[in-house]
Amino acid sequence: MTKEFRAGTRRHKRNVAKARRAAKRSIRPVAEPITRWVTVNEAADILGVSATTVRNRIKAGKLHADISGGRGNRNTLVRITT
């Protein structure tokens, strides 16, 4: 049960100031994740793994990829969230 203090008393002012400080701390902006599409080789560099590992993760469904183009002109873009 919380205690109610009369407005204007020293204890009341202290509690109001404490509540305001707590409210300020809880409203910190959160950085929005940035999503970008990169090639398999660029994704490998960003993730610190080989291009083969990136392709294996795409096949396993751990990375989202968009494959476009035909047989000789295939282009794979990988979605990376940072």
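The values are calculated or read from the model by the stated rules, or taken from the named source; none is laboratory data. The structure displayed is predicted, hence computed values, not measured ones. FYI the Cβ positions are ideal-geometry reconstructions off the backbone, even for glycines, and counts take in every protein chain you see.
Identify, by number, the condition in (1) surrounded by 10 or more Cβ atoms within 10 Å (Cβ to Cβ); (2) modelled with pLDDT of 90 or more that Asn15 doesn't meet.
(2)
Checking the structure you have, find out if any residue of the range 70-79 is aliphatic (A, V, I, L, M), surrounded by 16 or more Cβ atoms within 10 Å (Cβ to Cβ) and touching an Asp or Glu at 6+ places or on another chain (Cβ under 9 Å).
Residues of the range 70-79 that are aliphatic (A, V, I, L, M), as a first pass: 77-78.
Add one more test, that the residue is surrounded by 16 or more Cβ atoms within 10 Å (Cβ to Cβ), and what stays is 77-78.
Imposing the further condition that a residue be touching an Asp or Glu at 6+ places or on another chain (Cβ under 9 Å) reduces the set to 77-78.
Yes, that holds for at least one residue.
Would you check which residues across the range 51-82 are at pLDDT below 90 and on the phi > 0 side of the Ramachandran plot and list them?
Across the range 51-82, the qualifying residue is only Gly69.
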